[in-house]
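Trainee: Following this message is one structure expressed as structure tokens.
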Amino acid sequence: MKRKSLIKIIVVIFICFIAVYFSKSFISKHFFNAMCGEEVIQKTSLNSRYKLKLHQIDCGATTGFSYNLTISKDNKNSKEIMNFEMLEDDPDIEANLSENKLNITYSQPTVISNTNSSYNDLDIRFVRKGKDFKVPSSFKGQRKNSDIDYVSLYDNELEIYQNEEIPAAQVGFAVNNKGEVKSGWNKDWLVVGTLNYEMPIFIDTAKHNSPIYVGQKRNSKWEKVQISTNNSQLQAINKKIDKISDDRFTPEDARENPVKEKDFKEIIKTANEDQNHIKFWEDFLRGITLKPNTFL
């Protein structure tokens, strides 16, 4: 009897677990549908049987759009094969089906979240239009979940992109929107962030554990100015700046609420290493607006 009772208890617990699991999925799905809008913005017929649909997801003004690409056969069994966002511009997706090989080409500013390389009997290949870029493992290895990848102080903003955003971040500096290489840019440089949305923060892929540089422009050509020995040091600086950034948002705040001398010296001491351009950090902390030719 005890054994039968134990089996009944186990069965009841299992059923409850399954019910909770599926109810969570149901609730999550309906909560997502209630909060986010979705519309099909592009349809592509690959042949008489296979079709693609590009969906645009809108979860509110503060999040921007996300996108997913689905494929179906005979209007059945729709499957998501690509999920992405755009660093800038609208999506530009091209597809070519030859026998059982499907090539999906996407534009340079595309930030890939996830892809699926097969559907039924199709092999799917995803290709960035123009030149593609890889993030060095030496740089990836320095990234941590605790990183401060965005700091803003007075009139200056410094952002380091997520690893998956970096290939798309080359637009405007290394390549144009078509993926064509731009003049005035070193082929070994890889953009990993921006300063004030107009200057590149980059590494030199020819160097293992590269320093971090900010781009400065002279006669239509970008030149490098070192601001940290590596990403780990940049993070140490960013974390100290982030702690003192409250109530220091505008150029006016630089006059009314300047960085305390103690904090200023501590941050400069953290940055003052090797060949780092200390004036960059001094100006950043004083609220001097940094421009593409500030340090040349």
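The values are calculated or read from the model by the stated rules, or taken from the named source; none is laboratory data. No experiment lies behind these values; they were computed from the predicted model shown. Cβ sites come from the backbone with ideal geometry, for glycine too, and all protein chains shown count toward neighbours.
Trainee: Does Glu159 count as part of a helix (DSSP H, G or I), closer than 26 Å to Lys129 by Cα, assigned by TED's automatic domain parsing to the domain that holds Ala254 and not aromatic (Phe, Trp, Tyr)?
Mentor: In short, no.
Trainee: Can you run down the residue pairs with Cβ atoms below 8 Å, 6 or more apart or on separate chains, where the first is in segment 113-141 and in contact (Cβ under 8 Å) with a residue 40 or more places away in the chain and the partner is in a loop (DSSP other than H, G, I, E, B) and hydroxyl-bearing (Ser, Thr, Tyr)?
Mentor: Once the first residue is in contact (Cβ under 8 Å) with a residue 40 or more places away in the chain and sits in segment 113-141, its partners that are in a loop (DSSP other than H, G, I, E, B) and hydroxyl-bearing (Ser, Thr, Tyr) give Ile124/Ser117; Phe126/Ser117; Arg128/Ser107; Lys129/Ser107; Pro136/Thr205; Pro136/Ser210; Ser138/Ser210; Phe139/Ser210.
Trainee: Could you check how many residues of segment 170-204 are over 19 Å from the mean Cα position of the chain (by Cα) and either under 19 Å from Ile237 (Cα atoms) or of a type in the set (S, T, N, Q) (or both)?
Mentor: Selection size over segment 170-204: 2.
Trainee: Take segment 97-113 and flag every residue that is of a type in the set (S, T, N, Q), more than 16 Å from Leu69 (Cα to Cα) and surrounded by fewer than 19 Cβ atoms within 10 Å (Cβ to Cβ).
Mentor: Passing the criteria: Ser98, Asn100.
Trainee: Counting only residues that are more than 12 Å from the chain's Cα centre (by Cα) and at negative phi, which one in segment 152-169 is surrounded by the most Cβ atoms within 10 Å (Cβ to Cβ)?
Mentor: Here the residue is Leu158.
Trainee: Select from segment 219-267 the residues that are free of Cβ contacts under 8 Å to residues at least 24 places away in the same chain and either outside any helix (DSSP H, G or I) or among the polar types (S, T, N, Q) (or both) and list them in ascending order.
Mentor: Asn219, Asp246, Asp247, Asn257, Lys260
Trainee: Sticking with this structure for a sec: When the residues of segment 125-151 are filtered to those that are closer than 28 Å to Arg286 by Cα and over 15 Å from the mean Cα position of the chain (by Cα), which remaining residue is surrounded by the most Cβ atoms within 10 Å (Cβ to Cβ)?
Mentor: Val151
Trainee: Condition check: without any contact (Cβ under 8 Å) to a residue 40 or more places away in the chain and not assigned by TED's automatic domain parsing to the domain that holds Glu198. Does Ser146 satisfy that?
Mentor: So Ser146 fails the test.
Trainee: How about segment 170-213: which of its residues are more than 18 Å from Ser138 (Cβ to Cβ), in contact with a Gly (Cβ under 9 Å, 6 or more places away or on another chain), buried (at least 19 other Cβ atoms within 10 Å of the Cβ) and of a type in the set (A, V, I, L, M)?
Mentor: Result: Val171, Val175, Leu195, Met199.
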